[in-house]
1. How about segment 75-87: which of its residues are open to solvent by less than 60 Å² (accessible area, probe 1.4 Å) and within 12 Å of the ligand (Cβ to nearest atom)?
2. I'd like to know if segment 1-9 contains one or more residues that are in contact (Cβ under 8 Å) with a residue 24 or more places away in the chain, assigned to a loop (DSSP other than H, G, I, E, B) and touching a strand residue (DSSP E or B) at 6+ places or on another chain (Cβ under 6 Å).
3. Residue 172 is checked against (1) more than 23 Å from residue 3 (Cβ to Cβ); (2) buried (at least 18 other Cβ atoms within 10 Å of the Cβ) and fails just one. What number does that condition carry?
4. Test residue 215 against the criterion of being away from the ligand (no atom under 16 Å from the Cβ) and crowded, with 16+ Cβ neighbours inside 10 Å, and give yes or no.
5. Tally the residues that are closer than 19 Å to residue 185 by Cα, of a type outside the set (Gly, Ala, Ser) and either modelled with pLDDT under 95 or open to solvent by 30 Å² or more (accessible area, probe 1.4 Å) (or both), restricting the search to segment 88-135.
6. Regarding residue 196, is this residue outside the structural domain of residue 115 (by TED's automatic domain parsing) and within 16 Å of the chain's Cα centre (by Cα)?
7. Could you tell me which residue of segment 256-302 is nearest to residue 45 (Cα to Cα), considering only residues that are more than 23 Å from the chain's Cα centre (by Cα) and of a type in the set (Gly, Ala, Ser)?
8. More than 15 Å from residue 68 (Cβ to Cβ), modelled with pLDDT of 95 or more, of a type in the set (Ser, Thr, Tyr) and open to solvent by less than 20 Å² (accessible area, probe 1.4 Å): which single residue out of 23, 7, 37 fits that description?
Amino acid sequence: MDITKVSCVGAGLIGQGWATIFSSKGFEVTLQDINESILENAVKGVTSTLMFLEARSLLGKGEAAASLERIKTTTQIAEAVEHADYVQESVPDNYDAKKKVFKEMDEMSPDHTILASSASGLMMTEIQKVTTRPGRCVLVHPILPVHLIPLVEIVGGEETSSETVKTAQEFMKELGKTPVVLNREVPGYIINRLQAALLREAVDLVDKGVVSAEDLDKAFCMGIGLRDPVIGPLLRAHLAGSGVERFFRNYAQSYRYRWESMETWTTIPPSAVKAVVKGVSEMEVVRKKTMEEIQGWRDEMLVKLLKVVHGD
Ligand SMILES: NC(=O)c1ccc[n+]([C@@H]2O[C@H](COP(=O)([O-])OP(=O)(O)OC[C@H]3O[C@@H](n4cnc5c(N)ncnc54)[C@H](O)[C@@H]3O)[C@@H](O)[C@H]2O)c1
């Protein structure tokens, strides 16, 4: 299936990221949200990201302005989707919001249109139930910052057709993304399950006073983070044990002690929220920079890292 016209429904952080990607790859984009002031703010955000990309030579000269020309905005969902081949939905992450919007998109878009959701952990099997085209509904989950991180997770629901999954995968490749297709859906998909496990342990170590928030993040960034742009946890085990099977054999006991001593709570305890809020507010970077400055610094570092890791 050829995709030429795309729409972004929801123009928050993620919708802006998608609008940046689609427009900079030459697609006409309609960006929709519930009111004009949100859309004005979104266009400001997209403009500044496009200019950042052009300034770092990730877009050619004049491409930021040309990309912006390709973006139209509207508060009307019908206008956003009535001519679209592919719609990327990025409204708040709860079933009520997703189902409301999927029902509207289904009613107002052509039969062939693919309806993709940016949801971070919800199940497409549940969302697609409200549409008359469950086969053409799919999850395409990006990673923040969407304009820089290549990975997208593609997850079909029970009714999603393999053709839709394939089309979404090919489309993401065309956009320069790195798609990973899950064989079946699980809450949080891959990335957010890994992040959830890591976050619980990070929060717990700070809550128990084992380490400060500042040093926890430092240990991650200068240890795991620095090494893991090139190898993942499974290949790491393979290298660390001179063979993954040998790794599991040799480290069985010490891993059992670690796993046995780890928390398994599913709701963050109030004491942990308090400890982490205090710890993060005391971090040097948080004391010295605004949220926007930290985001800008993160993006600068990511551009350098991407050039090393991916050569682009
Ligand atoms: N923030 C992240 O790190 C991240 C990463 C990947 C995926 N996601 C997912 O992307 C989605 C959007 O997240 P976000 O961070 O951009 O949220 P956000 O709150 O920044 O933006 C959501 C936008 O949706 C708009 N909206 C609400 N109802 C709407 C409707 N009926 N029609 C059109 N627009 C509507 C809101 O006005 C808002 O601008 C969520 O499903 C989220 O889980 C978020």
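The values are calculated or read from the model by the stated rules, or taken from the named source; none is laboratory data. Owing to the predicted nature of the structure, the values given are computational and were not obtained by experimental measurement. All Cβ positions, glycine included, derive from the backbone under ideal geometry; neighbour counts span all protein chains shown. Please note that ligands, DNA and RNA were not included when accessible areas were found on the heavy atoms of the full protein model with its side chains. Shrake-Rupley method; radii C 1.70, N 1.55, O 1.52, S 1.80 Å.
1. At the first step, the residues of segment 75-87 found to be open to solvent by less than 60 Å² (accessible area, probe 1.4 Å) are 75, 77-78, 80-81, 84-87.
Passing the criteria: 75, 77, 78, 80, 81, 87.
2. Looking only at segment 1-9, we keep the residues that are in contact (Cβ under 8 Å) with a residue 24 or more places away in the chain, and these are 1-9.
Filter once more, so that each one left must be assigned to a loop (DSSP other than H, G, I, E, B): 1-4.
This time we only want the ones that are touching a strand residue (DSSP E or B) at 6+ places or on another chain (Cβ under 6 Å), so: 3.
Yes; the residues of segment 1-9 include at least one that is in contact (Cβ under 8 Å) with a residue 24 or more places away in the chain, assigned to a loop (DSSP other than H, G, I, E, B) and touching a strand residue (DSSP E or B) at 6+ places or on another chain (Cβ under 6 Å).
3. Residue 172 satisfies all of (1) more than 23 Å from residue 3 (Cβ to Cβ); (2) buried (at least 18 other Cβ atoms within 10 Å of the Cβ) except (1).
4. On the way: away from the ligand (no atom under 16 Å from the Cβ): yes; crowded, with 16+ Cβ neighbours inside 10 Å: no.
Criteria not met by residue 215.
5. 9
6. Values: outside the structural domain of residue 115 (by TED's automatic domain parsing): yes; within 16 Å of the chain's Cα centre (by Cα): yes.
Yes: the conditions hold for residue 196.
7. 281
8. Details: 23 fails: more than 15 Å from residue 68 (Cβ to Cβ); 37 fails: open to solvent by less than 20 Å² (accessible area, probe 1.4 Å).
Within the list 23, 7, 37, the selection yields 7.
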